[in-house]
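Asker: Take a look at this one; I'll ask things after.
The values are calculated or read from the model by the stated rules, or taken from the named source; none is laboratory data. Keep in mind that what you see is a predicted model, and the values were worked out from it rather than measured. With ideal geometry, Cβ positions are generated from the backbone for all residues, glycine too; neighbour counts draw on all protein chains shown. Just the protein is used for accessible areas: all its heavy atoms, side chains included, with ligands, DNA and RNA removed. Shrake-Rupley method; radii C 1.70, N 1.55, O 1.52, S 1.80 Å.
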Amino acid sequence: MEVDSVLVTGANRGIGLEFVKQLLRLPKPPHYVFATYRDEKSIQALEEVKEAHKQTQVVLIKMDIEKTKEIENAKKIVEGIVGDKGLNLLINNAGILKIQVFREITEENLLRHFSTNTIGPVMVLKEMLPLLQKSAARKTLGMNISRAAVLNLSATLGSISLRSDLIQAKWLETIGYRTSKAALNMAMQVIARTVKDQGILVVNICPGWVKTDMGTSQAMLEVTESISAIIETLQRLNETHHGSFLDRNGNVIPF
């Protein structure tokens with residue numbers, strides 16, 4: 001996989017941090033990796049990764065995806081570095097999961113999930129779109145990761161049509177999370193169709209149930225395993241995958 005520049009949201013831990021690590025270990029790593037974080041107290045691991053990889057310029061950016069001004073500022077930073085080359089790849093990773101069963105659900109819980117897991121990625125993509133367009137314009141044929149692409153981290157739990165009896169009962173406790181991911185899937189379907197003639201590949205991928213702070217130690221997958229599979233899948237994507245909802249191995253998940 002050859003990409004010149006990548007922006008990873010929520011890059012200070014878990015899946016986002018692992019994306020940064022594995023991108024930097026590619027045979028031809030990106031020239032620029034923009035890694036966003038929300039809390040300055042949580043970036044030690046990112047700083048260590050930055051210091052260990054001098055071949056790539058790793059740029060740490062404070063950006064809460066729920067704050068418009070911070071998204072706008074992040075865009076200015078990225079644009080100031082990549083210039084007319086634009087941004088190759090946006091990885092919308094930042095998200096939350098707060099367990100609350102239906103009988104106890106609050107408006108606050110639902111709105112927080114929707115704000116972070118749905119609105120945030122949409123607004124980040126909206127702001128970064130001109131940079132993705134610049135990258136896409138440098139090539140004229142097809143869609144692929146090396147031209148311009150958006151990867152949204154979604155979840156199988158956001159599938160409406162997937163047979164409910166295949167999903168463990170305990171995931172009924174995540175109504176806010178699941179609803180927000182279903183909304184993310186729809187939002188990115190609309191966006192994919194909106195930009196379909198601009199050469200920007202848009203896909204949603206479920207990383208699986210991963211051992212992270214969000215996924216907990218009960219999860220089935222190590223984060224290294226999940227992200228290595230996604231990176232392998234990204235290299236195979238083309239225009240036939242535009243607007244798709246996939247698992248980490250590239251298999252289609254029903255919406």
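Asker: With θ set to phi - 60° and the Karplus curve 6.51 cos²θ - 1.76 cosθ + 1.60, what are the ³J(HN,Hα) couplings of the range 7-14 in order, to the nearest whole Hz, using x for Gly and Pro?
Answerer: Along the range 7-14, the couplings run 10, 10, 8, x, 8, 7, 7, x Hz.
Asker: Rounded, prolate or oblate: pick one for the range 1-69, where a ≥ b ≥ c are the square roots of the eigenvalues of its C-alpha gyration tensor, a/c under 1.5 means rounded, and failing that, prolate if a/b is larger than b/c, else oblate.
Answerer: prolate
Asker: Something else about it: Can you find, among 133, 114, 152, the residue sitting farthest towards the positive end of the charge dipole of the range 71-156, where Lys and Arg contribute +1 and Asp and Glu -1 at Cβ?
Answerer: Working it through, the farthest residue towards the positive pole turns out to be 133.
Asker: Another question, then. Choose one answer from 134, 67, 75: the residue with the largest mean-square fluctuation in a GNM of the chain with alpha-carbon springs under 10 Å.
Answerer: 67
Asker: On to the next question. Among 156, 56, 106, determine the one that fluctuates most according to a GNM of the chain built with springs between C-alpha atoms less than 10 Å apart.
Answerer: Comparing 156, 56, 106 in the GNM, the peak value goes to 106.
Asker: If you place +1 on the Cβ of every Lys and Arg and -1 on the Cβ of every Asp and Glu, how big does the dipole about the Cα centre of the chain come out, in debye to the nearest 20?
Answerer: On the way: 31 positive and 27 negative charges, 84 e Å.
The dipole of the chain has a size of about 400 debye.
Asker: Here is a follow-up. To the nearest 0.05, how large is the calculated FRET efficiency for residue 111 and residue 72 if R₀ is 25 Å and r is the Cβ-Cβ distance? Walk me through the numbers on the way to the answer.
Answerer: Numbers: r = 22 Å, r/R0 = 0.89.
Working from the Cβ atoms, E equals 0.65.
Asker: If you average the sequence gap of Cα pairs under 8 Å that are 6 or more apart and divide by the length of the range 1-98, what percent do you get for the contact order?
Answerer: The normalised contact order for the range 1-98 reaches 36 percent.
Asker: Once you sort the root eigenvalues of the Cα gyration tensor of the range 178-255 as a ≥ b ≥ c, which label holds: rounded (a/c under 1.5), prolate (a/b larger than b/c) or oblate (the other case)? Please report the intermediate quantities before stating the final value.
Answerer: Values: a/c = 2.78, a/b = 1.56, b/c = 1.78.
Oblate is the answer for the range 178-255, as a/c is 1.5 or above yet b/c matches or exceeds a/b.
Asker: Of 71, 17, 96, which is farthest along the charge dipole of the chain in the positive direction, counting Lys and Arg as +1 and Asp and Glu as -1 at C-beta?
Answerer: 71
Asker: Here's something else I'd like to know. Enumerate the calculated ³J(HN,Hα) couplings along the range 205-213 in order (Karplus 6.51 cos²θ - 1.76 cosθ + 1.60, θ = phi - 60°), each rounded to whole Hz, writing x wherever the residue is Gly or Pro.
Answerer: 10, 8, x, x, 7, 10, 6, 9, 4
Asker: Here is a further query. At 7 Å along the Cα-to-beta-carbon direction for both residue 224 and residue 194, put a label point, then send me their distance in nm to one decimal.
Answerer: Distance between the two pseudo-spin positions: 4.0 nm.
Asker: Which whole-number percent is the relative contact order of the chain (Cα, under 8 Å, 6+ apart)?
Answerer: Numbers: 505 pairs, mean separation 50.2, N = 255.
Dividing the mean separation by the residue count of the chain yields 20 percent.
Asker: Further question on the same structure: How much accessible area does residue 48 have with a 1.4 Å probe, in Å² rounded to the nearest 10?
Answerer: Using a 1.4 Å probe on the heavy atoms, I get roughly 110 Å².
Asker: What is the percent carbon and sulfur in the accessible area of the range 110-255, measuring with a 1.4 Å probe over the protein chains and ignoring ligands?
Answerer: On the way: 3880 of 6790 Å².
So the carbon and sulfur contribution to the accessible surface is 57 percent.
Asker: Still on this structure, I have one more. Build a GNM of the chain with springs between Cα atoms under 10 Å: which of 59, 20, 124 gets the top mean-square fluctuation?
Answerer: Top of the fluctuation ranking is 59.
Asker: If you don't mind, another one. Give me, ordered by chain and number, the residues 5 or more places off residue 58 or on other chains with an amide H under 5 Å from its own placed amide H.
Answerer: Residues meeting the criterion, in which the H sits 1.01 Å from N, are 33.
Asker: Which residues does the label zone of residue 251 cover in the range 198-229, counting backbone N under 14 Å from a point 7 Å along Cα→Cβ?
Answerer: Those under the cut-off are 206-209.
Asker: If the only charges are +1 at each Lys and Arg Cβ and -1 at each Asp and Glu Cβ, what is the size of the charge dipole of the range 190-255 around the Cα centre, to the nearest 20 debye?
Answerer: 160 debye
Asker: Now for a separate question. Based only on the alpha carbon positions, what is the Kirkwood hydrodynamic radius of the chain, in angstrom?
Answerer: 18.2 Å
Asker: When a/c is below 1.5 the answer is rounded, else prolate if a/b is larger than b/c, else oblate, so apply that to the range 1-144 with a ≥ b ≥ c taken from the square roots of the Cα gyration tensor eigenvalues. Show your work: numbers first, answer last.
Answerer: Working: a/c = 2.02, a/b = 1.48, b/c = 1.37.
Prolate is the answer for the range 1-144, as a/c is 1.5 or above and a/b outweighs b/c.
Asker: Solvent-accessible area per residue for the chain at a 1.4 Å probe radius, Å²?
Answerer: Computed with neighbouring chains in place, this is 49 Å² per residue.
Asker: R0 = 35 Å: FRET efficiency of residue 55 with residue 162, Cβ-based, nearest 0.05?
Answerer: 0.25
Asker: All other residues with a Cβ under 10 Å from the Cβ of residue 199 taken together, and with Lys, Arg as +1 and Asp, Glu as -1, what is their net charge? Mind showing how you got there, number by number?
Answerer: On the way: positive: 138, 139, 147, 196; negative: 197, 239.
Residues close to residue 199 contribute a combined charge of +2.
Asker: How many angstrom lie between the C-alpha centres of the range 106-162 and the range 35-61?
Answerer: Centre-to-centre distance over Cα atoms comes out at 22 Å.
Asker: Please state the relative contact order of the range 113-255 as a whole percent: Cα pairs under 8 Å, 6+ residues apart?
Answerer: 31 percent
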